[in-house]
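Remarks on the structure that follows.
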Amino acid sequence: MQELRKRKQTIVFSEPPSILSFASVVGKMEACGPLSGSFDLSARDGHFGQISWEKAETHMQRTALQLALQKAALEEKDLDAVFLGDLLNQCIGSSFSMRGKNIPTLGLYGACSTMAEGMLLAGMSVAGGFCNRVSALSSSHFASSERQYRFPLGYGGQRPPTAQWTVTGCGAVIIGKSGNGPYLRSATIGCVTDAGVTDGNNMGAAMAPAAFQTILAHFRDTGTGPKDYDLIVTGDLGKLGSQALRQLFEKEGIDFGPHYEDCGVLIFDLEKQDVHCGGSGCGCSAAVLCGYLLGQMQRRKINRMLFCGTGALLSPVSIQQGESIPSICHAVELHTERS
């Protein structure tokens with residue numbers, strides 16, 4: 001078993017696992033955004049040829065996984081495990097996508113942090129010698145999420161300015177012991193953080209403190225800072241949340257400068273597409289990572305990146321009961337060089 005050096009929250013991989021392939025699937029609206037050329041596949045409508053939005057989400061997951069396997073010249077039988085999740089109750093999008101596949105499956109719920117959580121656990125499984133090849137994937141769908149968390153679309157509910165638009169999308173990565181990279185150099189496990197925010201339409205404010213806590217822990221554990229990375233990217237705080245994160249770090253005397261972006265801001269044109277504060281959902285950071293970001297790393301336009309998935313751990317019941325919104329952030333360091 002390979003040695004893993006663990007600090008307070010951060011695991012440093014002595015022999016970093018490699019991303020063997022990646023793939024992304026998105027909806028029509030996402031394909032019309034600024035990152036349109038970076039996705040593998042986009043749909044003409046939100047149903048993806050299925051009879052319900054929930055089935056459409058399952059279809060996205062199956063398609064993204066198959067595309068990633070094809071790119072790596074692998075088959076489903078070559079996977080030792082898959083880590084996956086979504087936003088739906090009991091993660092039915094994910095469990096239904098694995099029906100009949102005979103792939104060892106570990107379902108996750110980290111809300112919008114699920115992709116980072118899946119990659120973190122996949123990296124640990126491979127680096128620890130428990131698996132040779134694993135997949136991490138997550139998805140969300142605008143219509144299925146709206147039906148569950150807010151109102152039926154036909155209701156015509158008005159969205160406040162702080163709201164974000166749930167991305168219809170999915171991303172999948174295949175991670176193995178050896179490959180051409182990018183490589184998982186380290187990972188920081190987040191702690192549940194609660195800033196007392198009770199507004200379910202202001203996810204950025206709820207999640208920014210969790211992102212701050214995890215990124216600061218990563219800096220302290222690894223002795224790094226913003227200038228050590230070509231890009232630090234959160235997923236997904238949106239416009240207001242990412243501004244709040246910058247302000248929290250400024251109070252610590254840390255300036256992100258040009259080294260910071262947010263997946264929820266990147267995926268849409270906030271002015272032209274009327275998405276208010278940007279994108280959200282498990283599929284937001286997953287699709288941006290497995291489309292635009294890893295594509296940039298393959299072309300060596302980004303060499304070192306800290307990918308920070310942020311998730312609001314609420315439910316329809318907790319909001320109705322007046323609970324505040326606890327949040328979490330997990331960070332994965334990716335590098336084009338193994339050492």
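Regarding Asp230, is this residue touching a Ser or Thr at 6+ places or on another chain (Cβ under 6 Å) and not hydrophobic (A, V, I, L, M, F, W, C)?
Against the criterion (touching a Ser or Thr at 6+ places or on another chain (Cβ under 6 Å) and not hydrophobic (A, V, I, L, M, F, W, C)), Asp230 does not qualify.
Checking the condition of a type in the set (Gly, Ala, Ser) and out of contact with any Ser or Thr (no Cβ under 7 Å at 6 or more places or on another chain), which residue from Ala217, Ala244 passes?
Being of a type in the set (Gly, Ala, Ser) and out of contact with any Ser or Thr (no Cβ under 7 Å at 6 or more places or on another chain) holds for just one of Ala217, Ala244, which is Ala244.
Filter the range 277-327 down to the residues that are farther than 21 Å from Gly85 by Cα and touching a Pro at 6+ places or on another chain (Cβ under 6 Å) and list them by number.
Across the range 277-327, the qualifying residue is only Met297.
When both residues are 6+ apart or on different chains and their Cβ atoms are under 7 Å apart, which pairs have a first residue that lies in the range 22-35 and is of a type in the set (Phe, Trp, Tyr), and a second that is part of a helix (DSSP H, G or I)?
If the second residue must be part of a helix (DSSP H, G or I), the pairs left are Phe22/Ala68; Phe22/Cys290; Phe22/Leu294.
Kindly check whether there is at least one residue in the range 55-71 that is free of Cβ contacts under 8 Å to residues at least 24 places away in the same chain, over 25 Å from Ser144 (Cβ atoms) and not polar (S, T, N, Q).
Among the residues of the range 55-71, not one is free of Cβ contacts under 8 Å to residues at least 24 places away in the same chain, over 25 Å from Ser144 (Cβ atoms) and not polar (S, T, N, Q), which makes the answer no.
If you go through the range 76-102 one residue at a time, how many are buried (at least 17 other Cβ atoms within 10 Å of the Cβ), within 26 Å of Gln148 (Cβ to Cβ) and not hydroxyl-bearing (Ser, Thr, Tyr)?
Matching residues across the range 76-102 total 11.
Answer yes or no as to whether Asp262 is touching a residue at least 24 places away in the same chain (Cβ under 8 Å) and surrounded by fewer than 24 Cβ atoms within 10 Å (Cβ to Cβ).
Details: touching a residue at least 24 places away in the same chain (Cβ under 8 Å): yes; surrounded by fewer than 24 Cβ atoms within 10 Å (Cβ to Cβ): no.
Criteria not met by Asp262.
Of the residues Asp221, Asp236, Asp199, only one is charged (D, E, K, R) and surrounded by 24 or more Cβ atoms within 10 Å (Cβ to Cβ); which?
None of the others qualify; the one that does is Asp236.
Given the structure, is Gly123 crowded, with 19+ Cβ neighbours inside 10 Å, within 22 Å of Leu313 (Cα to Cα) and at pLDDT 95 or above?
Judged against the criteria, Gly123 is not a match.
Against the condition under 30 Å from Ala217 (Cβ atoms), at pLDDT 95 or above and either surrounded by fewer than 18 Cβ atoms within 10 Å (Cβ to Cβ) or in contact with a strand residue (DSSP E or B) (Cβ under 7 Å, 6 or more places away or on another chain) (or both), how does Pro17 come out, does it pass?
The answer is yes for Pro17.
Checking Gln9 against (1) under 23 Å from Glu333 (Cβ atoms); (2) in contact with a Lys or Arg (Cβ under 6 Å, 6 or more places away or on another chain): exactly one of these is not met. Which one?
Result: Gln9 passes all but (2).
In the range 168-220, which residue that is part of a loop (DSSP other than H, G, I, E, B) and in contact with a Gly (Cβ under 7 Å, 6 or more places away or on another chain) is farthest from Val82 (Cα to Cα)?
Thr198
Would the range 38-60 turn up any residue that is touching a strand residue (DSSP E or B) at 6+ places or on another chain (Cβ under 9 Å), aromatic (Phe, Trp, Tyr), assigned by TED's automatic domain parsing to the domain that holds Val167 and on the phi > 0 side of the Ramachandran plot?
Restricting attention to the range 38-60, the residues satisfying the condition of being touching a strand residue (DSSP E or B) at 6+ places or on another chain (Cβ under 9 Å) are 38-43, 48, 57-60.
Now drop any that are not aromatic (Phe, Trp, Tyr), which leaves 39, 48.
After this cut, where a residue has to be assigned by TED's automatic domain parsing to the domain that holds Val167 as well, the list is 39, 48.
Subsequent filtering for residues that are on the phi > 0 side of the Ramachandran plot retains 48.
Yes, that holds for at least one residue.
How about the range 247-280: which of its residues are modelled with pLDDT of 95 or more and on the phi > 0 side of the Ramachandran plot?
Result: Gly253, single match.
Could you say whether any residue in the range 147-165 is crowded, with 24+ Cβ neighbours inside 10 Å, at negative phi, modelled with pLDDT of 95 or more and of a type outside the set (Gly, Ala, Ser)?
Scanning the range 147-165 turns up no residue that is crowded, with 24+ Cβ neighbours inside 10 Å, at negative phi, modelled with pLDDT of 95 or more and of a type outside the set (Gly, Ala, Ser).
The values are calculated or read from the model by the stated rules, or taken from the named source; none is laboratory data. All of these numbers come straight from a predicted model, not from anything done at the bench. Cβ: placed from backbone, ideal geometry, glycine included. Neighbour counts: every protein chain shown.
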